[in-house]
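Each reported figure results from applying straightforward, stated rules to the coordinates on display, with no laboratory input. Worth saying up front: this structure is predicted, and the values here are computed from it rather than measured. With ideal geometry, Cβ positions are generated from the backbone for all residues, glycine too; neighbour counts draw on all protein chains shown.
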Amino acid sequence: MKPPLSSSSSAVLRKARLSPYLFTLLAFIVFVSILYGEDFMCILGQLEPIPGRAMSKPVKRRGKLAFAIGKGDEGCDIFSGRWVRDELTRPLYEESECPYIQPQLTCQEHGRPDKDYQKWRWQPHGCDLPSFNATLMLETLRGKRMMFVGDSLNRGQYVSMICLLHKLIPDDQKSMKTHKNGSLRVFKARDYNTSIEFYWAPFLLESNSDNAVVHRISDRIVRKGSINKHGKNWKGVDILVFNTYLWWMTGLEMKVLKGSFEDENKEIIKVSTEEAYGMGMRSMLRWVRKNMDRKKTRVFFTSMSPTHAKGIDWGGEPGENCYNQTTMIENPNYWGSDSRKSIMKVIGEVFSKSKYPITFLNITQLSNYRKDAHTSIYKKQWNPLTPEQLANPNSYADCIHWCLPGLQDTWNELLFAKLFYP
């Protein structure tokens, strides 16, 4: 006969038994974990700081990002710093050594008398940028595709990247070709079985400005929900670099098409620029989530590139702009009137909800200082200049685009740092 249980033993058994309520609670937790596990992991595993979102403590990391070989200095914001003159290592290449620079960006060839704009290096506060290593970049791209998607400013960054890399590739092993009526440019390095590409999509969405050659349209219209019109050309890319900003700046409102450009009776509505831009950002993020593998690919988004068309912004004279500017803006808090902080806020709000870790290249503030680095009048002019224009160079100075070599090489140094040391 088994000995009778003591009162203390009975109490232990009662505690060991699961009550129906506890069992139900555990079952519910397991069910919710299965159903929403991916969302929980995305929240816990967000790997890149989101612009505009304050975080009281570091976010728990979920493995390392694709292509990362290390990590950046803790607590160091590489986008916050100052420009220092560097006669030894700048420029990173010579204009004459890179045949891929478009004539809109070859300032020396078109008569710019100074080279001071080429001699500056970005120095973050409290840390250093890793040196751009072209060999590492090319080896990382071996057997892979990298694509820049956006407008002519992103095309400038694309060309800068090629200029930083091409000298390591023999002439008979590299090529540059255009496809899709000029919308797609493909630089190939055959030994590496790699391509670096640029795709013209100034809004990312379908628009009436999608022609890569003829797109100077003042009455701009974007089509809602049309990301796949261009997105089908981005599939299979390993590293994507997006930008879109300037083309949205048509005023306080933007025209949005519901339906198709082929419809006989088009339904077009007007919404605020911020609302339209947010629509574009959400479409981009949905496409990325559906088409990019976070374990194998990387996506970057370059913030808005500032213009310097209003000299009064930095204390200059009325009517003054970037023409004849050879020094940078010294005020560390300078923010030009053409750079809308409301758009930065939209980016922060939309990106904070992303389930795919987007790496944000915040080039706006550091570029705001560089009124000296624009192409100004030193570029190919597609139309003959009038006597009135020739008498007033300010009237036709390009204060949007940047000379190469120059500022956009720094953008790629920042991309390099975030790619390998996020």
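The relative contact order of the chain comes to 22 percent, based on Cα pairs under 8 Å that sit 6 or more residues apart.
Over the chain, dividing the summed -39,500 (n - 2.57) contributions of all DSSP H runs of at least 4 residues by the number of residues returns a 222 nm mean residue ellipticity of -8500 deg cm²/dmol. Take each peptide in 247-256, 123-132, count the other Cβ atoms within 10 Å of every residue, and average; sorted highest first, the result is 247-256, 123-132. The calculated pair-distance distribution of the stretch 86-151 uses every alpha carbon pair, bins of 10 angstrom beginning at 0, and gives 14, 34, 39, 13, 0 percent. About its Cα centre, the chain has a charge dipole of approximately 2580 debye under the convention of +1 per Lys or Arg Cβ and -1 per Asp or Glu Cβ, with nothing else charged. Beyond 30 Å, what share of the Cα-Cα pairs of the chain is found? Please give it as a whole percent. Here the long-distance tail beyond 30 Å is 48 percent of all Cα pairs in the chain. Scalar couplings 3J(HN,Hα) for the stretch 340-351, obtained by applying the Karplus form with A = 6.51, B = -1.76, C = 1.60 to θ = phi - 60°, are 7, 5, 5, 6, 4, 5, 4, 4, x, 5, 6, 5 Hz; x denotes Gly and Pro.
Exceeding 27 Å between C-alpha atoms, which entries from my cross-link table qualify? They are Lys188/Lys235; Lys144/Lys418; Lys167/Lys380; Lys255/Lys418; Lys71/Lys355; Lys224/Lys341. Table pairs above 27 Å Cα-Cα are Lys255/Lys418.
Against the chain, whose longest principal axis comes from its Cα atoms, helix 273-291 is set at around 60 degrees. If you model the stretch 233-294 as an ellipsoid using its alpha carbon gyration tensor, with each semi-axis the square root of five times an eigenvalue, the axes come out at 26, 16, 10 Å, biggest first.
Converting the Cα gyration tensor eigenvalues of the stretch 281-422 into ellipsoid dimensions via √(5λ) gives semi-axes, longest first, of 34, 17, 15 Å. For Leu361, the residues whose amide H sits under 5 Å from its own are Phe301, Thr302, Ser303, ignoring neighbours fewer than 5 places away on the same chain, with H placed 1.01 Å from N.
Counting charges near Met146 (Lys, Arg +1; Asp, Glu -1) among other residues having Cβ under 10 Å from its Cβ returns a value of +1. Cross-link reach is defined here as a Cα-Cα straight distance under 12 Å, omitting same-chain residues fewer than 8 places apart; for Lys180 the aspartates and glutamates meeting it are Asp210. Its relative contact order, with pairs defined as Cα atoms under 8 Å and 6+ residues apart, puts the stretch 178-283 at 21 percent. Could you go through the stretch 79-93 in sequence order and give the Karplus-derived ³J(HN,Hα) for each residue, using 6.51 cos²θ - 1.76 cosθ + 1.60 with θ = phi - 60°, rounded to whole Hz, and x for Gly and Pro? Couplings: 8, 10, x, 8, 8, 10, 6, 9, 7, 7, 10, 10, x, 6, 7 Hz.
Helix 20-44 and the longest principal axis of the C-alpha atoms of the chain enclose an angle of approximately 10°.
Remark on Glu253: its backbone amide H falls under 5 Å from those of Thr273, a criterion applied only to residues 5 or more positions apart or on other chains, H modelled at 1.01 Å from N. When the chain is treated as a GNM, springs tying every alpha-carbon pair under 10 Å, which of Phe148, Phe67, Phe261 comes out with the largest mean-square fluctuation? With Cα springs under 10 Å in the chain, the top fluctuation among Phe148, Phe67, Phe261 is at Phe261. Put simply, the amide H of Ile221, placed in the peptide plane, has neighbours under 5 Å in Asn208, Ser209, leaving out anything fewer than 5 places away on its chain.
One compactness figure for the stretch 266-358 is 1.46, namely its Cα radius of gyration divided by 2.2 N^0.38 Å.
Between the helical axis of 7-16 and the longest alpha-carbon principal axis of the chain there is an angle of about 30 degrees. Rg and Dmax over the alpha-carbon atoms of the stretch 114-222 stand at 16.8, 47 Å. Each principal axis of the Cα cloud of the stretch 159-214 was evaluated for its coordinate range; sorted largest first, these ranges are 40, 19, 18 Å.
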